[in-house]
Amino acid sequence: MIRISDEVRLAAAVVALETTLVAHGFPPGEGVEVGLAAEAAVRDAGAVPATIGVLDGEIVVGLTAEELGRFDASARKLGPRDVATAVVQRAIGATTVGGTLTVCGAAGIRVMATGGLGGVHRGWPTPPDVSADLRALAEASVLVVSSGVKSLLDVPATAELLETSGVPVLGYRTDELPLFYAARGGPAVSARVESAGEAARIGSAHWKLGGGGLLLGRPPDESLDDVEPLIERALAAAAAEGIHGQALTPFVLSYLHRESGGSTLRANRDLIVGNARLAGEVASALTA
Ligand code: PSU
Ligand code: MN
């Protein structure tokens with residue numbers, strides 16, 4: 001049911017990468033390029049990338065570039081509950097952070113990189129939408145590097161739920177959880193770390209205590225500080241068109257990419273690649 005590539009199986013330092021952002025986070029064709037750039041960044045940092053998705057009735061850990069090319073907007077978005085179904089039904093399935101974390105457990109992978117974690121949607125409990133990423137992170141013994149949580153969420157509420165779930169929220173050279181596009185202004189992290197090695201040591205210690213997942217928030221290198229009004233307009237447009245649930249993030253992202261003249265698109269790409277590089281450094285440090 002799970003096919004782990006030889007390279008991933010033999011590697012000491014591995015970083016898992018998700019496929020939802022490849023299939024649903026970028027305009028057609030661009031997601032695959034971002035995925036490949038993230039893989040290259042992991043390699044730069046001395047680790048092996050394991051991009052994960054469901055293909056031809058198997059969970060693949062370590063997709064080839066050719067296989068990754070099959071993940072387009074027609075792929076199913078797979079949260080933790082959807083992975084087994086997609087295998088049996090032989091669907092092409094793009095795993096979210098939560099779906100990817102579920103596979104990490106089975107494959108023994110300790111580090112993952114993404115853009116933004118899912119969480120509590122604005123206006124909770126209407127709609128009562130809380131991403132399965134949060135529960136998956138609480139349960140998986142994996143350190144996830146991200147630029148905080150998705151920008152369209154209620155970030156303070158998500159940070160509270162991470163605390164309730166016992167998930168350490170580390171800030172990479174910052175005291176605040178990054179706000180995805182913006183570096184500053186987010187809720188406080190539970191601890192600031194100065195290096196990948198320090199994050200790796202905290203991960204190891206947390207797992208020795210039987211702990212689950214950790215979040216390592218890395219601020220974007222170039223902060224975009226004027227996106228919030230655009231996010232509010234995108235959410236209003238989504239509400240007006242009755243778009244909700246799994247379709248919301250792709251709608252909002254493409255709205256932002258269009259209305260920002262491409263600046264959110266570049267920012268999104270750059271932060272994913274930067275997070276992949278830092279995750280590679282953490283994975284390498286874990287083996288030291
Ligand atoms: N952040 C992005 N683009 C994305 C996602 C996050 O900038 O496509 C995806 C991730 O795969 C994340 C998922 O796990 O959205 C969460 O979706 P939901 O809120 O439906 O659980
Ligand atoms: Mn949701």
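Worth a mention:
- Relative counts (whole %) of C-alpha pair distances in the chain, using bins that are 5 Å wide: 1, 6, 13, 19, 21, 18, 13, 7, 2, 0, 0
- Couplings for segment 259-270, taken from phi via the Karplus curve 6.51 cos²θ - 1.76 cosθ + 1.60 with θ = phi - 60°, read 6, 8, x, x, 5, 5, 5, 4, 4, 4, 4, 4 Hz in order; Gly and Pro are left as x.
- Between Q246 and D270, the modelled labels are 3.3 nm apart [label points 7 Å from Cα along Cα→Cβ].
- This model, with +1 at the C-beta of Lys and Arg and -1 at the C-beta of Asp and Glu, gives the chain a dipole about its Cα centre of some 520 debye.
- Backbone amide hydrogens, once placed in the peptide plane, bring L153 within less than 5 Å of nothing, excluding anything fewer than 5 places away on its chain.
- Relative contact order [Cα under 8 Å, 6+ residues apart], the chain, whole percent: 22
- Couplings for segment 57-62, taken from phi via the Karplus curve 6.51 cos²θ - 1.76 cosθ + 1.60 with θ = phi - 60°, read x, 9, 7, 9, 10, x Hz in order; Gly and Pro are left as x.
- For segment 245-288: rounded, prolate or oblate by the Cα gyration tensor [a/c cutoff 1.5]: oblate
- Interchain or long-range residues, amide H under 5 Å from T174's placed H: V193
- Whole-Å distance, taken between Cα centres, linking segment 138-180 and segment 188-209: 13
- Relative contact order for segment 19-174, counting Cα pairs under 8 Å that sit 6 or more residues apart, in percent: 18
- Put the Cα centre of segment 85-104 next to the Cα centre of segment 273-288 and the gap is 24 Å.
- Accessible-area ranking of I243, I52, largest first, probe 1.4 Å: I243, I52
- Note that segment 276-288 has calculated 3J(HN,Hα) couplings of 5, 5, 4, 4, x, 5, 5, 4, 5, 5, 5, 8, 6 Hz, one per residue in order, obtained from phi through the Karplus relation 6.51 cos²θ - 1.76 cosθ + 1.60 (θ = phi - 60°); glycine and proline are x.
The values are calculated or read from the model by the stated rules, or taken from the named source; none is laboratory data. Please read all numbers here as calculations on a predicted model, not as lab measurements. Cβ: placed from backbone, ideal geometry, glycine included. Neighbour counts: every protein chain shown. The area values use the complete protein model at the heavy-atom level, side chains included, leaving out ligands, DNA and RNA. Shrake-Rupley method; radii C 1.70, N 1.55, O 1.52, S 1.80 Å.
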